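Peer 1: First, the structure itself, so that you have it in front of you.
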Amino acid sequence: MVINLDTKLTQQIEEICAARGVRLTTQRKRVFELICASKKASSAYELLEDLKQSEPQAKPPTVYRALDFLMEQGFIHRVESTNSFISCCSCNAHKHFSQLLICDQCGNVIELQDDSLIALLADNAEKHGFKIDNHVIESHGVCQSCSSK
Ligand SMILES: [Zn+2]
Ligand SMILES: [Zn+2]
């Protein structure tokens, strides 16, 4: 697999990590680059296979630890319904909830960030005395490029 390095994005997360005083190891950076390079969401298994090309000693825990770190920092999101990972559209400095549109044909994932939708849900939940801690909002369907084929 040829990696088309998105140096801008990598530079951005390097700066964020430096400012936060957390360590972006070579492996963590590499996993992030691999996720960014893939058009579709990547599974941990696919990431491990790709990582092995530059780091032959990589083991599943290597990938899982890198993924945990990247999620904690808000650089990537887990796609729960397909158990895979995408880079965050904003690499946001703060935690945010997003809505994912998942194409079942090509695997492309579009990240939406509609705060009014989240507020509406929170409002409705509150009517039941319920406080929401976490959201998983994923929609499956066909993306624009697949539907125009
Ligand atoms: Zn995001
Ligand atoms: Zn598609």
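Peer 1: Using the structure shown, decide if A66 is loosely packed, with under 14 Cβ neighbours inside 10 Å and either away from ligand 2 (no atom under 16 Å from the Cβ) or assigned to a loop (DSSP other than H, G, I, E, B) (or both).
Peer 2: Details: loosely packed, with under 14 Cβ neighbours inside 10 Å: no; either away from ligand 2 (no atom under 16 Å from the Cβ) or assigned to a loop (DSSP other than H, G, I, E, B) (or both): yes.
When the stated conditions are applied, A66 does not pass them.
Peer 1: I'm checking my understanding of the structure. Among residues of region 101-124 that are in a helix (DSSP H, G or I), more than 16 Å from ligand 1 (Cβ to nearest atom) and not aliphatic (A, V, I, L, M), which one is nearest to C88 (Cα to Cα)? Don't jump to the end; show me each part of the working.
Peer 2: Within region 101-124, the subset in a helix (DSSP H, G or I) is 115-124.
This time we only want the ones that are more than 16 Å from ligand 1 (Cβ to nearest atom), so: 116, 119-124.
Narrowing further to those that are not aliphatic (A, V, I, L, M): 116, 123-124.
Details: S116: 19, D123: 26, N124: 27 Å.
Here the answer is S116.
Peer 1: Filter region 83-99 for residues that are closer than 17 Å to E49 by Cβ and surrounded by 15 or more Cβ atoms within 10 Å (Cβ to Cβ) and give the result.
Peer 2: Going residue by residue through region 83-99, those that are closer than 17 Å to E49 by Cβ are 83-85.
Once the filter is applied, which keeps residues that are closer than 17 Å to E49 by Cβ and surrounded by 15 or more Cβ atoms within 10 Å (Cβ to Cβ), region 83-99 yields S84, F85.
Peer 1: Would you pick out the residues in region 125-149 that are outside any loop (DSSP other than H, G, I, E, B), closer than 28 Å to C103 by Cβ and without any contact (Cβ under 8 Å) to a residue 12 or more places away in the chain? Give the steps one after another, and end with the answer.
Peer 2: Filtering region 125-149 for residues outside any loop (DSSP other than H, G, I, E, B) gives 125-126, 137-141, 144-147.
Now drop any that are not closer than 28 Å to C103 by Cβ, which leaves 137-141, 144-147.
Passing the criteria: Q144, S147.
Peer 1: Report, by residue number, each residue of region 70-82 that is of a type in the set (D, E, K, R) and surrounded by fewer than 14 Cβ atoms within 10 Å (Cβ to Cβ).
Peer 2: Of the residues in region 70-82, the ones of a type in the set (D, E, K, R) are 72, 78, 80.
Hits for region 70-82 are E72, E80.
Peer 1: Still on this structure: Among (1) surrounded by 13 or more Cβ atoms within 10 Å (Cβ to Cβ); (2) more than 16 Å from ligand 2 (Cβ to nearest atom); (3) of a type outside the set (D, E); (4) at positive phi, where does G107 come up short?
Peer 2: (2)
Read-outs throughout are calculated quantities, based only on the coordinates presented, and are distinct from any laboratory measurement. What you see is a predicted model, and the numbers here were worked out from it, not measured in a lab. Here Cβ is always computed from backbone atoms with ideal geometry, including for glycine, and neighbour counts include all displayed protein chains.
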